[in-house]
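**Student:** Would you mind keeping the following structure in view while I ask a few things?
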Amino acid sequence: HATVFKDIVSISGTIAAFPDQHGVNRLIDGDVYSQTKCILESIEKILKASGTSMKCIVNLKVYVTNNTKERYSQMNNAYVEFFKSRNLPVCSRITVGCSALALGADVEIDGMAMIPSKTSKL
């Protein structure tokens with residue numbers, strides 16, 4: 001779900017889907033808020049496995065289908081709450097409305113993060 005090149009982690013587009021007992025990816029049941037929270041938790045695990053963390057994110061791109069004011073608010077609330085619950089600054093992002101995403105997801109997030117050097121203060 002990510003590619004590491006030197007000290008950069010490129011996070012692939014991530015949706016709120018997990019393999020079922022047959023290995024088929026299935027979306028979680030939930031609204032835009034729930035999907036956003038689930039995706040950010042997945043990205044947190046991806047970054048940890050890549051040797052970095054959420055505080056090292058350079059930027060994220062959030063794609064939301066049928067991006068109405070209500071759906072944007074659900075995504076934004078989950079996004080802000082996620083970072084604040086971990087005492088992290090809310091990182092920069094761009095939010096893009098789109099007509100469809102893989103597997104019928106409502107939200108997809110990708111982005112980039114840095115792997116801190118041993119001498120960095122992160």
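**Student:** Express in nm, to one decimal, how much length is gained between I94 and F5 on full extension, taking 0.36 nm for each residue of separation and deducting their alpha carbon distance.
**Tutor:** In short, 29.8 nm is gained.
**Student:** Rounded to the nearest 500, what is the chain's calculated 222 nm mean residue ellipticity when only DSSP H runs of at least 4 contribute -39500 (n - 2.57) each, over all residues?
**Tutor:** Estimated from H runs of four or more residues: -9500 deg cm²/dmol.
**Student:** Quick one: grab the alpha carbon gyration tensor of the stretch 45-89, order the square roots of its eigenvalues as a ≥ b ≥ c, and give me rounded if a/c is under 1.5, else prolate or oblate depending on whether a/b is larger than b/c.
**Tutor:** prolate
**Student:** Under a 1.4 Å probe, what is the accessible area of the chain per residue, stated in Å²?
**Tutor:** 59 Å²
**Student:** Could you tally up the Lys pairs in the chain with alpha carbons closer than 17 Å? Skip any pair fewer than 8 positions apart unless they're on separate chains.
**Tutor:** 12
**Student:** Looking at the calculated P(r) for the chain, what percent of the C-alpha pair distances fall above 25 Å?
**Tutor:** That tail contains 23 percent of the Cα-Cα pairs.
**Student:** Compute the Rg/Rh shape ratio of the stretch 60-122: radius of gyration over Kirkwood radius, all on alpha-carbon atoms.
**Tutor:** With Rg and the Kirkwood Rh in hand, the quotient comes to 1.07.
**Student:** Of the accessible area of the stretch 31-85, with the probe set at 1.4 angstrom, what percent is carbon plus sulfur?
**Tutor:** For the stretch 31-85, the apolar C and S fraction of the accessible surface comes to 47 percent.
The values are calculated or read from the model by the stated rules, or taken from the named source; none is laboratory data. From a predicted model like this one, the values you see are computed outputs, not experimental measurements. The protein model used for the area step is the full one, side chains on, heavy atoms only, and it has no ligands, DNA or RNA in it. Shrake-Rupley method; radii C 1.70, N 1.55, O 1.52, S 1.80 Å.
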